[in-house]
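Structure, as structure tokens:
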6 protein chains.
Amino acid sequence: MNREIARMTWKEFEEAKRTKTLIIPVGSLEQHGYHLPMETDVIISSGLAKVLAEKIDGIVAPPVNYGYKSQPNSGGGPLFPGTVDLNGDTLVRLVYDMLCEFARDGVKKIFISNGHFENEAFLVEAVDLATRQYDIHVVLASWWDQIPSDMVEKCFEEVPFPGWALEHAAVTETSMVMYFTPELVHMDRFVEEEFRKPGLYHDYPIKPGIVPASGVLATARTSSRGKGALLVESITDAYAGICREAFKSYDDTL
Amino acid sequence: MNREIARMTWKEFEEAKRTKTLIIPVGSLEQHGYHLPMETDVIISSGLAKVLAEKIDGIVAPPVNYGYKSQPNSGGGPLFPGTVDLNGDTLVRLVYDMLCEFARDGVKKIFISNGHFENEAFLVEAVDLATRQYDIHVVLASWWDQIPSDMVEKCFEEVPFPGWALEHAAVTETSMVMYFTPELVHMDRFVEEEFRKPGLYHDYPIKPGIVPASGVLATARTSSRGKGALLVESITDAYAGICREAFKSYDDTL
Amino acid sequence: MNREIARMTWKEFEEAKRTKTLIIPVGSLEQHGYHLPMETDVIISSGLAKVLAEKIDGIVAPPVNYGYKSQPNSGGGPLFPGTVDLNGDTLVRLVYDMLCEFARDGVKKIFISNGHFENEAFLVEAVDLATRQYDIHVVLASWWDQIPSDMVEKCFEEVPFPGWALEHAAVTETSMVMYFTPELVHMDRFVEEEFRKPGLYHDYPIKPGIVPASGVLATARTSSRGKGALLVESITDAYAGICREAFKSYDDTL
Amino acid sequence: MNREIARMTWKEFEEAKRTKTLIIPVGSLEQHGYHLPMETDVIISSGLAKVLAEKIDGIVAPPVNYGYKSQPNSGGGPLFPGTVDLNGDTLVRLVYDMLCEFARDGVKKIFISNGHFENEAFLVEAVDLATRQYDIHVVLASWWDQIPSDMVEKCFEEVPFPGWALEHAAVTETSMVMYFTPELVHMDRFVEEEFRKPGLYHDYPIKPGIVPASGVLATARTSSRGKGALLVESITDAYAGICREAFKSYDDTL
Amino acid sequence: MNREIARMTWKEFEEAKRTKTLIIPVGSLEQHGYHLPMETDVIISSGLAKVLAEKIDGIVAPPVNYGYKSQPNSGGGPLFPGTVDLNGDTLVRLVYDMLCEFARDGVKKIFISNGHFENEAFLVEAVDLATRQYDIHVVLASWWDQIPSDMVEKCFEEVPFPGWALEHAAVTETSMVMYFTPELVHMDRFVEEEFRKPGLYHDYPIKPGIVPASGVLATARTSSRGKGALLVESITDAYAGICREAFKSYDDTL
Amino acid sequence: MNREIARMTWKEFEEAKRTKTLIIPVGSLEQHGYHLPMETDVIISSGLAKVLAEKIDGIVAPPVNYGYKSQPNSGGGPLFPGTVDLNGDTLVRLVYDMLCEFARDGVKKIFISNGHFENEAFLVEAVDLATRQYDIHVVLASWWDQIPSDMVEKCFEEVPFPGWALEHAAVTETSMVMYFTPELVHMDRFVEEEFRKPGLYHDYPIKPGIVPASGVLATARTSSRGKGALLVESITDAYAGICREAFKSYDDTL
């Protein structure tokens, strides 16, 4: 069954929107090392959205392909070519407009699947502004917040867990891209570098040379498709649980 | 050869951006009748972008998936479910930010492939603002402006040409979606309705019932994949010619 | 009878606003060749507004004297001195504020008489935003969309019709300025140049030399005051018909 | 000699802009009692601009016809029909865009002739922002600041001077409209009311009944065309002196 | 009794907000001559707020520490180090957000105590926008508008009164800072300069040298703590009267 | 020695700004349980700023007293009275304007001391925008990121560490307010409640009842002034180290 509204006719969407939760993937176009594609955050947020849609009988909106500014401590920063950094207000307005439009269409339950670390605060702002304006229920979640500690241990048996901000183009992201689009992962190009500790402050203007040359913030060496499958299963289970909890009041009325 | 920058690593993009024209497809999420998917404008703008990229050795950015407000006289308007209408300023800021970021990355030649009628003025505004700010050369074109009169005649042998604003979900769009993604066209659902003449003014607030029930503004009955192939060839030839003309000064220096 | 609200006292306006349609002319300050004044778009939009007001017993607001950015393909572009190009968002906000204020004053029926090609999309945006906010009925029309084909034939007996975008400072505009303010037309300064075909794409930054030196996009040689009179009559008849059709529901209640 | 750039061709403006000061009148559409037209502030600011242009060999731009929000203590406030109140940011952007455009055209010396009390701070903001961006010299003046005390005494021989904020539709404005457009003054409709003292604070939301029923804030009874002539002469002399002083450094170079 | 909400717990504020008027001081960070601290406008607006709070049993919000752009004719202008000039729109949005938030909290009566001349128009704009959106009653007053002529005479026995715009770091401000924070006044550093007459127009870009070197616009020599005490008493009496008058309708209901 | 620029004259600031780092405290007005004042985030960010200023010979700007929207998972959220939530764009513009102004004043080194969890992303945005515009070096740090694990252990000997987002009005904040302003801490009012685990997603609109009734997110019972002293020492040592590292290139030149 097709769950992507982009591929539906409007009549199909009209039927689906009455009862189903709409999942909006939000990614970015951002460097992800020598071995991962620049749309990694779109692949993961969209991939998770589609698996979640199966689990909760939901539908999936077209992804937001561009996101907020990459930062050295969590994404490598703006100095890598191809990283397209939207201003904060631009992302807020884009997602705000989308939410308001879906609300005017009669959608009631929206789940935002965020795949880019730096997006979060601006997505919260868009959600806050839209839910003040329209009677719509919106949940926003990022995948790295959903991984229980036993799953972290499984993913980081061989290497220490560096913290989520540094998991950029590292084990978890690489494993999930291996799961969703293996043809786009080039492990042969991965270079083990000396990874520095996370910065504890923001230093602007951003200077070259403060992240490893590849743009990877922690090792991806121990990535595997199997870990990707485990992560996807675990995250989407958590997402499904959130949806059931958050949207439970709609079960009776819709 | 992969020409989509989303699927490149940043190193691949770094190499490509030096000499190649970057093509940005801009679409919308909008009703396209009972027989076409809501992402029709993304399919066409992206499809044309990929064919053009082959012809001029260019590269293609991730599409802008959401566009400006659909209007009754050219897209059926906002009253159809699933049509997501961005505010004008939102689209301007989004495309402005993208252009500025590509400029900061060192891209010099950008071609915007527009697939949604109502986007045009706001894309012009974004392009004007970005090219004032950065030393970047941007060309913006919409496919319906590129079709020579003999091609129009070929497409409209059986039915009269209604004018481009009304070619919404009609012969040309349907034929091109048949060409790019035939599995998403449902001609069996197409309903021949009485199509009214185009409105010569804008009447707000928009009232229900002023477009046919299906949301199609002119007949799609005579669409065919063959016509789609002819259109795609003709349009991308014109686009390639525009690029050669507009960007010729770069041939020597890059 | 005075129909310009600028020249009314507020008590006169208070009386008039209850039942009458308010007509807002929107123009620009823009080059119009060697032979026409820079306020040509104000002269035409205001002139048509006053004739229309007589026909429908309407009232006329002060004109918007400055408009959106002139483009090479439809107005000669920004490189001619005296062309004052507002940013799109500025025009949207200005007209939005005006519409909201008239709505708060209790005006119900507004007709926007647009005289500048490039204004249109931004006027639509202002109208859309204001009519979402207030219970007001707004119609927006541009004069070139109202001219029936037999009238086009009459105006272009001697020279071919170049399309409306190119009718900048050409036969139709010149003839109407001859009708409204003949003292401002300098046909002796008109220079017949080689007029190029319309551009089919937007190329930024805008380069000098792509329009004829005079700024005129198609010949004005065959202009006449008689043609101006015919055009004004035909356009305002069409406008009056639009008002009767669009605002008919108010006839009973007001 | 025509000094209004709206009525010039662009070639005439091109010649004039090299050396001449450009004067921009800014007014409003605002109630001015039972006896004055709503465009009073446009009439005065434009009228003064034209007289000033003669004195300094300057040129005059089309007026800004709509201004900032009328306030009870200085203009009667928003509750009178026909008073169109722009948001502050709208007026700032409009005048900012105009100044930037004239700067890009090569204009060097601009004089803003303000005729609406409440506009001033927002005009200052527009001027500040534009002069940071472009190398342009802008002077902003309001007529009521230019009247020497002996002139005040002459105008207020019969009635006490209420202060400039309250001179709304009162002796000075009425006298100047009598001078510029006598046919628009209806002294027979003027009603002597009890005028209250000026408010010393702002109280929002604005309540009805705090200004006299006519909207006039101080008596206009002793107005005369002769006083208007004296005022116009005195104010434009002061304006001319300001221009000579402020723009003196350009005399040598231009 | 503590009247500053910053120092209350939220439970204390919850109790207080039901019946008490909330006073918001708005100041600036701005040069005030060789002898006064840069936070002079915060000291005065906050000091008056606290005395007023005692008189009307009100509560005081944290001050707005930064204000609108200092101008040569009223504050010395931007060329003095330490003067931090917010853009107009920034101040409007800040105060607008604050007012809306207090309104959502259930506050009904707000008094804005303004201490910076140039803030006023932008505070009015914020108040107007917020009171359109929420059912809240806001009064805005500046201290210099509250001083009766006999008090002016007492303060200016020895030196002429220069008008309020020029009373920058002069007798009245210095006397009140002497009253509130005497330890921050350095009369030994005060330099008697030649003070020029107030400018009657705005001249941009602002040039150095048009105000005295110290940044003081009129003499502060005759300042005294006693005058400060008189001024504070007189101003807060006037403020208390305004509150009683403006908010009297709440006495019965709250 | 006075290090607060608000209390300096502009001449004192002019001298100081040449070589010293300017520290800007950013707080919020937000509920902090039954036992802490609403200005807790201002007290801590300003208090740390002053101690840091001593350590690095810096100067301190007036605090930003209002911050970004409180969220249930990190501050209790907007439903508690007295919590004043600025829109994201408002905070960005305010801090952006301040940074640009200090840059124009010639300040080179700025350290932002953030005391409110939800501010961070919007401060980053302001810093990014300002440092693109002006040649200024800005470091932004939040105190909770500076506490080494041994210090965490010392503070949480008796109770488990709940994570920084939940340390709202809990042990660390309470201890530091005890250190800076002991008279404002009311431990007798502290109520031990059942504290829930942190939310792993954002759920809008925010519903009542999802945080404990007091607004405290983790226990404050074991707070002490001694812990406060240790924390302040440790954090400001870390801040001083950051300044030395980040601004070391200025040591030679200034």
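The values are calculated or read from the model by the stated rules, or taken from the named source; none is laboratory data. Fair warning: this is a prediction, and the values are worked out from it, not measured in the lab. Please note: Cβ atoms are built from the backbone with ideal geometry, for glycine as well, and neighbour counts cover all protein chains shown. Areas reflect the complete protein model, heavy atoms only, side chains present, ligands, DNA and RNA absent. Shrake-Rupley method; radii C 1.70, N 1.55, O 1.52, S 1.80 Å.
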Calculated label separations, E:Phe161, copies of the chain, 7 Å along the beta-carbon direction, nm: 1.4, 6.4, 7.2, 7.2, 7.8
Neighbour net charge for E:Thr236 - beta-carbon separation under 10 angstrom, K R +1, D E -1: -1
For chain C, size of Cβ-based charge dipole, Lys and Arg +1, Asp and Glu -1, in debye: 340 debye
Across B:Lys20/B:Lys69; C:Lys11/D:Lys207; A:Lys11/A:Lys108; E:Lys50/F:Lys50; F:Lys20/F:Lys50, pairs whose alpha-carbon gap is larger than 21 Å: B:Lys20/B:Lys69; E:Lys50/F:Lys50
For region C:38-143: rounded, prolate or oblate by the Cα gyration tensor [a/c cutoff 1.5]: oblate
For peptides D:17-23, A:143-149, E:87-93, sequence by mean Cβ density within 10 Å, most packed first: E:87-93, D:17-23, A:143-149
Centre separation in Å (Cα based) which lies between region B:30-55 and region C:195-238: 33 Å
Accessible area of B:Asp128 in the full protein assembly, 1.4 Å probe (Å², nearest 10): 20 Å²
Eligible lysines near E:Lys197 by straight Cα distance, threshold 16 Å, same-chain separation 8 or greater: none
DSSP-loop GluC sites (Glu not before Pro) across region E:77-136, with at most 14 other Cβ within 10 angstrom: none
Average accessible area per residue (Å²) across the protein assembly as shown - probe 1.4 Å, nucleic acids and ligands excluded: 33 Å²
Value of relative contact order over region B:139-254, rounded to a whole percent, pairs C-alpha under 8 Å and six or more apart: 41 percent
Surface accessible to a 1.4 Å probe, F:Leu184 within the full protein complex, Å²: 10 Å²
Over the protein assembly as shown, equivalent-ellipsoid semi-axes from the Cα gyration tensor in Å: 48, 48, 29
Residue of chain E whose Cβ sits closest to the axis mapping E onto A, with distance in whole Å: E:Gln133, 7
Global form of region D:1-95, assessed from the alpha-carbon gyration tensor, a/c cut-off 1.5: prolate
Proximal charge balance of C:Ala170 [Cβ under 13 Å; K/R count +1, D/E count -1]: -3
Buried solvent-accessible surface, both chains (E, F), 1.4 Å probe, Å² to nearest 100: 4100 Å²
Computed [θ] at 222 nm, deg cm²/dmol, chain D (DSSP H ≥ 4; -39,500 (n - 2.57); rounded to nearest 500): -12000 deg cm²/dmol
Fraction in percent of alpha-carbon pairs per bin - 5 Å, region B:125-218: 2, 9, 17, 17, 15, 14, 12, 8, 4, 1
Shielding by partners - mean other protein chain Cβ count within 10 Å, residues of E:98-105: 5
Shielding by other protein chains, B:177-184, mean Cβ within 10 Å: 1
Cut-off under 5 Å, modelled amide H: who pairs with C:Ile23 long-range: C:Ile59, C:Val60, C:Ala61, C:Phe111
Residue mean of other protein chain beta carbons inside 10 Å, F:8-19: 6
Average Cα contact separation per residue, chain C, under 8 Å, 6 or more apart, as relative contact order %: 24 percent
Position B:Arg221, label points 7 Å along Cα→Cβ, spacing to each other copy in nm (shortest first, one decimal): 4.6, 6.9, 8.1, 8.1, 9.8
Rounded, prolate or oblate (a/c below 1.5 giving rounded, otherwise prolate when a/b exceeds b/c) for region E:163-205 by Cα gyration tensor: prolate
With all protein chains modelled, accessible area of D:Met8 [1.4 Å, Å²]: 10 Å²
Exam field: F:Lys248 pseudo-label spacings to other copies (7 Å along Cα-Cβ), nanometres: 5.6, 5.6, 5.6, 7.0, 8.2
Carbon/sulfur fraction of accessible area - the protein assembly as shown, other protein chains in place, 1.4 Å, %: 52 percent
26 Å tail of the calculated P(r), chain B, as % of Cα pairs: 39 percent
